Every structure is written in C-alpha cells, then in structure tokens.
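Peer 1: Here's a structure for you.
Where a number appears in this text, it was derived from the coordinates with a stated rule and is not lab data. Everything numeric here is computed off the predicted structure, so don't read it as measured data. Neighbour counts are summed over all protein chains in view; Cβ atoms, including those assigned to glycine, are modelled from backbone coordinates with ideal geometry.
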Amino acid sequence: MASTGRTHPAGAILRGRPATHTPDTTPWWTPARIRRLVRLYFTLQLIQPRTVVEYRGDFWIGILGAALMHGAGLVFIGALFGRIPEIAGWTVWEVAILYGLALIPRGLGELFCDGPWMLHARVNSGEFDRILVRSISPALQSATQLASIHGLGQLTLGLSALLIGASRAGLDWTAGKIVFLLVVILASFVMLGAINYLVNMVGFWEPSTQSALPTMYATMFDFAKVPLDTYNIVIRVLVTVVAPYAFVSYFPGLLLLGKDTPWRWTGLATPLAAAIVVGITAWLWHKALNRYQGVGH
C-alpha cells in the first residue's frame, strides 16, 4: 500500500499539537523509499509468525483446520464430477486448477497481509491513534498487525490442487506460462490485499463496532473457485466488476488451459485489475485518514 508521506491531521488533533515525528516526504516510488518500506514490512510482519510458532499446538491446528475446511470444497467438487464428467466444458482437473489459483494468493494474503481485518476494531476502540503518531506508514503498520497462520494451510492446499490438476489435465508448462503464473499470483496477492483494506475501511465512516461488508466480500471469494460459466449473468458481473475475483482464477485459467473463448486473453489484464484496485484503495485510504478524528471527536 502507498505511504501517505505526510503528517496526519488526526494525530495532531488528538494531542492538541503537531505530531512529534518528522514525516518522510520522499516520494514512495523512489528506490530508496521502496527498499525502506519493504525492509520495514518484513521486519514487522515476521514478528507475527514467530509469535504464533511459539505455540506449536495452535500452529498445527490452524494449518490442519484450514486444509480441512478448503479441502472439503475439493471433495465436494470431486463428488460432483463423479456423477457428471464435465460442467460447462470444464473437467474436474481443470476446476482443480482454478481452485489452486484462488487459494494460493488467498493463503499468501492471510499470511502476509491480514492486518486490515483489525482495522475496524482499532478505529472504533481508539487504538488507531497510536498508529498515526508513529513515523512508519499507517498503511504499513495496519497490514502487519496480524498474520493468520492457517493461510499456510490454504497455500499448501492451493499448490497441491494446482500442480495435481495441471498434471492430470495435461497442461503443457512452458517458460511463458510459468512467468505468467508467477505474475498472476503476485498481482492477485496485491489485489486481494487491497480489497481487504478497501472493505475494512468502512470503519472510518460507519460508527458501529462491526460491519457485514468485509464478511460479504470474503464469502464472495468462493465464486472464484469454480468457472464463471456455471453462474448467471448477475453473478458474472458481480465477480468481475464489483468484486474482481475472476481476475484471480477464472481469466488466468482460461489462458493457461488454452480455452477457446473470446475471454481467453483477459487473463493478461490481471495486473491491470490489481493496479486499478490499489489505486482506488490508496485514494480512499487518504480520504479515510483525513476524516479520522479519534475517539470522542
């Protein structure tokens, strides 16, 4: 996420004086600033997994629970295709590829960018005040507040589903497809992280302690695990425009599998879709910070 690169008005309002730190006004896109942000991100983020690993029982239970939860979806798909050889032109192994494409960036997101889920609670409780007066980007701090270790279970299951599905579906791996897959995974990870921020920023405008919007978007992600061809036009538009999860799995899957459809090349637009979502999120993040007044204001 982009750093704001300036003093936040809320921090000054809360203490009746300017923030005590000197903000880094270097543009975020400069190499030096990017290196600093990346270094800070990993320094802060790695604190969370280390803490979780200390409790080994919870660690393995979290991984196993995630694998079982999402594995149940794969079992259901396998049982369905046991009676029907294919659905809308997709075989069970091709659907397994989509399942893997969906779970891999989702697992990475829960491991490395699950902090925004705490944003609403911190805004309502006033804990967000402490984030604002530090010299580190508030967006960076918010991203590293939480690391859900069960994301490792999703990541493992996703990789397994993708590789096994590709092998059984006869997917011909070329250098170009491997590069494309890596770009798609990275862009999808960034986009899902941005969406996570976007839906949890509702706390800056909604005074209630909880909101249904983040949960609704998280639930809608299940639509990305199966082909869009199985849905009606309303769901297709919803998963392509309102919640662009189709760019995570379905469109890239069309290109990887060489499906004969006019939408085949849309998978190349995944990085563009991610950039658009990040741009909207960054713009709204600035609006949210300027709006925030702290508890009691």
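Peer 1: Do any helices (runs of 4 or more DSSP H) lying entirely in the range 85-139 carry at least 3 residues that are surrounded by 20 or more Cβ atoms within 10 Å (Cβ to Cβ) and small (Gly, Ala, Ser), and which ones are they?
Peer 2: 92-112
Peer 1: Kindly indicate which of Phe180, Phe247, Phe189, Phe251 is closer than 26 Å to His120 by Cα and among the aromatic types (Phe, Trp, Tyr).
Peer 2: After ruling out the rest, the residue left standing is Phe189.
Peer 1: Return a yes/no flag: does the range 248-270 have any residue that is over 30 Å from Ala175 (Cα atoms) and either assigned to a loop (DSSP other than H, G, I, E, B) or of a type in the set (Ser, Thr, Tyr) (or both).
Peer 2: no
Peer 1: Which one of Ser167, Ser188, Ser160 is surrounded by 23 or more Cβ atoms within 10 Å (Cβ to Cβ) and either under 25 Å from Trp90 (Cβ atoms) or more than 18 Å from the chain's Cα centre (by Cα) (or both)?
Peer 2: So the residue among Ser167, Ser188, Ser160 that is surrounded by 23 or more Cβ atoms within 10 Å (Cβ to Cβ) and either under 25 Å from Trp90 (Cβ atoms) or more than 18 Å from the chain's Cα centre (by Cα) (or both) is Ser188.
Peer 1: Related question: Take the range 149-185 and flag every residue that is small (Gly, Ala, Ser) and farther than 18 Å from Val75 by Cβ.
Peer 2: Those that are small (Gly, Ala, Ser) and farther than 18 Å from Val75 by Cβ: Gly151, Ala166, Ser167, Ala169, Gly170, Ala175, Gly176.
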